[in-house]
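Q: Here it is, the structure in full.
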Amino acid sequence: MSKEILIVGAGHAAGQIVTTLKQQKFSGQIVLVGDEPYLPYQRPPLSKKFLAGEVPAERLHVKAESFYDDPQIDVRLSTRVTALDRAARVATTDSGGTIHYDTAILATGSRVRKLPGHETLPGGIHYLRTIDDVLAIQTDLAANARLVIIGAGYIGLEVAAVARSLGLDVTVVEMADRVMSRVVSPEISSFYQQEHERHGVQFNLSTGLQDFLLNEQGTRVTGVLTDNGETIPAELVIVGVGIVPNTELAQQAGLEVDNGVVVDEYCRSSDASIFAVGDCASHPSEIYGRQLRLESVHNALEQAKTAAANACGKSVTYSQVPWFWSDQYDLKLQIAGLSEGYDSVVLRGDPAERSFSCLYMRKGKLVAIDAINAPRDFLQAKPLIAAGTKVDAGSLADSSVPLKDFL
């Protein structure tokens, strides 16, 4: 069993790793290294209740500060691991210090995808990924009335909902021809666009960003110029165009990387002494028959539990139905499975009632579900997706029949 475990990253997954190690009665030394000044915290509330000012920062923490007040745990914040010497099992930090490990767990997560040519941003323009990002946005939310959001994915639409609740004028600029196009069907896209428009959000779809307009001093944004020549006035711009996995450390160490650190079903990398979990990891999915890199809290937490248990000498495998969620206004979107490659869609329930599901089929099997204010469908669909059983699409549309009856 390992005597020294190094956790690289201090996000949600890292907090779960420490928790699981303690639950597994790990008796060695735990070193937790993170480049932010905060203990492990939850990111989903950042674009929702924390942005709205409904949740204080301390409630974001995975565990209270006292949890880490343990001689077994060495927490090093505002610190970045810059290199791993796999032969010596030594990590080097940006301060020049070194950390010995028997086992390393990479929980390096991901970072925002930045707009080309806009690595640094003038005042009023923000990315949203960290507590500090949101604190900066909140200052501008309080002082300004016109907001432009670049990107109509989860983050963009969640921010739009919060901003409208605070009374801002909101315009969303999106290159695709519909909202949340990467993850939901046209039917769900249309439903959510109509919902946002009902709340006063304006959309510029099939539209790209040409440039930002600045004041005379070039220090603060005054608007957005789109690629079709339209000028949209704005005192505040939030950019949400995706994230990029943090795999540079793994690449430096010579680990196998392919859209994430490649791991096996035990969350172990190409080096048996190094695990990887969460947004930065690409794992094999028995359900979908290929490697997956998932950007979800559920995936990060469950992989964290798996890696920590295996670092303690257990033999635990990870294979679960992916799931995600998004809160916008009074709508809870819960997604189970991956809909890519579907060949038909079944609507279950009535969108007009604001409680319905969209089921994605491929070759007669249910592969994913989008449940809007329909938690029972969401929960019962997961085992049906995992089972891979062929189901009659027409029967699935009958919302009076519980999905569990199709197992």
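The values are calculated or read from the model by the stated rules, or taken from the named source; none is laboratory data. From a predicted model like this one, the values you see are computed outputs, not experimental measurements. Here the Cβ positions follow ideal geometry from the backbone for every residue, glycine too, while neighbour counts run over all protein chains shown.
Q: Identify, from the list Leu225, Leu213, Leu166, the residue that is of a type outside the set (Asp, Glu) and touching a helix residue (DSSP H, G or I) at 6+ places or on another chain (Cβ under 9 Å).
A: Numbers: Leu225 fails: touching a helix residue (DSSP H, G or I) at 6+ places or on another chain (Cβ under 9 Å); Leu213 fails: touching a helix residue (DSSP H, G or I) at 6+ places or on another chain (Cβ under 9 Å).
On inspection, the qualifying residue turns out to be Leu166.
Q: If I filter the range 328-341 for residues that are more than 30 Å from Pro45 (Cβ to Cβ) and either part of a loop (DSSP other than H, G, I, E, B) or outside the structural domain of Lys48 (by TED's automatic domain parsing) (or both), do I get at least one hit? Full working, then the answer.
A: Initial filter on the range 328-341 (more than 30 Å from Pro45 (Cβ to Cβ)): 341.
Filter once more, so that each one left must be either part of a loop (DSSP other than H, G, I, E, B) or outside the structural domain of Lys48 (by TED's automatic domain parsing) (or both): 341.
Within the range 328-341 (the criterion being more than 30 Å from Pro45 (Cβ to Cβ) and either part of a loop (DSSP other than H, G, I, E, B) or outside the structural domain of Lys48 (by TED's automatic domain parsing) (or both)), the answer is yes, since at least one residue qualifies.
Q: Where residues in the range 1-49 are hydrophobic (A, V, I, L, M, F, W, C) and within 16 Å of the chain's Cα centre (by Cα), which of them is surrounded by the most Cβ atoms within 10 Å (Cβ to Cβ)?
A: Among residues in the range 1-49 that are hydrophobic (A, V, I, L, M, F, W, C) and within 16 Å of the chain's Cα centre (by Cα), the one surrounded by the most Cβ atoms within 10 Å (Cβ to Cβ) is Ala13.
Q: Now for a separate question. When the range 346-366 is examined, which residues are found to be aliphatic (A, V, I, L, M) and either modelled with pLDDT under 95 or in contact with a Leu (Cβ under 7 Å, 6 or more places away or on another chain) (or both)?
A: Filtering the range 346-366 for residues aliphatic (A, V, I, L, M) gives 346-347, 352, 359, 361, 366.
Hits for the range 346-366 are Val346, Ala352, Leu359, Leu366.
Q: Now, a different point. For the range 28-108, please list each of the strands (runs of 3 or more DSSP E) lying entirely inside it that holds at least 1 residues being under 30 Å from Ser326 (Cα atoms). If you could, list the steps in order and put the result at the bottom.
A: Values: elements: 29-33, 73-76, 81-85, 90-93, 98-100, 103-106.
The qualifying strands (runs of 3 or more DSSP E) are 29-33, 103-106.
Q: Further question: Quick one: would you say Leu157 is within 26 Å of Asn215 (Cβ to Cβ), buried (at least 16 other Cβ atoms within 10 Å of the Cβ) and of a type outside the set (Phe, Trp, Tyr)?
A: Working: within 26 Å of Asn215 (Cβ to Cβ): no; buried (at least 16 other Cβ atoms within 10 Å of the Cβ): yes; of a type outside the set (Phe, Trp, Tyr): yes.
No: the conditions fail for Leu157.
Q: Filter the range 242-265 for residues that are part of a loop (DSSP other than H, G, I, E, B) and acidic (Asp, Glu) and give the result.
A: Matches in the range 242-265: Glu256, Asp258, Asp264, Glu265.
Q: Which is in contact (Cβ under 8 Å) with a residue 60 or more places away in the chain and under 21 Å from the mean Cα position of the chain (by Cα), of Pro284, Pro233, Pro245? Break it down stepwise before answering.
A: On the way: Pro284 fails: in contact (Cβ under 8 Å) with a residue 60 or more places away in the chain; Pro233 fails: under 21 Å from the mean Cα position of the chain (by Cα).
Step by step, each of Pro284, Pro233, Pro245 is checked, and only Pro245 is in contact (Cβ under 8 Å) with a residue 60 or more places away in the chain and under 21 Å from the mean Cα position of the chain (by Cα).
Q: Let me ask another. Go over the candidates Gln24, Gln29, Gln72 one by one and state the one that is under 20 Å from Ala300 (Cβ atoms) and touching a residue at least 40 places away in the same chain (Cβ under 8 Å).
A: Gln24
Q: Please go through the range 128-153 and pick out each residue that is touching a helix residue (DSSP H, G or I) at 6+ places or on another chain (Cβ under 7 Å) and outside any helix (DSSP H, G or I).
A: Leu128, Leu147, Ile149
Q: What residue, of Ser296, Ser270, Ser206, is in contact with an Asp or Glu (Cβ under 6 Å, 6 or more places away or on another chain), of a type in the set (S, T, N, Q) and outside the structural domain of Ala176 (by TED's automatic domain parsing)? Quick ask: steps written out before the conclusion?
A: Details: Ser296 fails: in contact with an Asp or Glu (Cβ under 6 Å, 6 or more places away or on another chain); Ser206 fails: outside the structural domain of Ala176 (by TED's automatic domain parsing).
When all the criteria are applied, what remains is Ser270.
Q: When the residues of the range 177-195 are filtered to those that are surrounded by fewer than 16 Cβ atoms within 10 Å (Cβ to Cβ) and closer than 22 Å to Leu209 by Cα, which remaining residue is nearest to the chain's Cα centre (by Cα)? I'd like the intermediate steps shown before the answer.
A: The first filter runs over the range 177-195 and keeps only residues surrounded by fewer than 16 Cβ atoms within 10 Å (Cβ to Cβ), leaving 177, 182, 186-187, 190, 194.
Add one more test, that the residue is closer than 22 Å to Leu209 by Cα, and what stays is 177, 182.
On the way: Asp177: 23, Arg182: 14 Å.
Only one residue tops the list, namely Arg182.
Q: May I ask you to verify whether Pro116 is in contact with a Lys or Arg (Cβ under 7 Å, 6 or more places away or on another chain), without any contact (Cβ under 8 Å) to a residue 12 or more places away in the chain and of a type outside the set (S, T, N, Q)? Write out each step before concluding.
A: Working: in contact with a Lys or Arg (Cβ under 7 Å, 6 or more places away or on another chain): no; without any contact (Cβ under 8 Å) to a residue 12 or more places away in the chain: yes; of a type outside the set (S, T, N, Q): yes.
Criteria not met by Pro116.
Q: Only one residue in Ile99, Ile105 is surrounded by 15 or more Cβ atoms within 10 Å (Cβ to Cβ), over 22 Å from the mean Cα position of the chain (by Cα) and not assigned by TED's automatic domain parsing to the domain that holds Asn144. Which one? It would help to see each step written out before you state the result.
A: Values: Ile105 fails: over 22 Å from the mean Cα position of the chain (by Cα).
Going through Ile99, Ile105 in turn, the sole match is Ile99.
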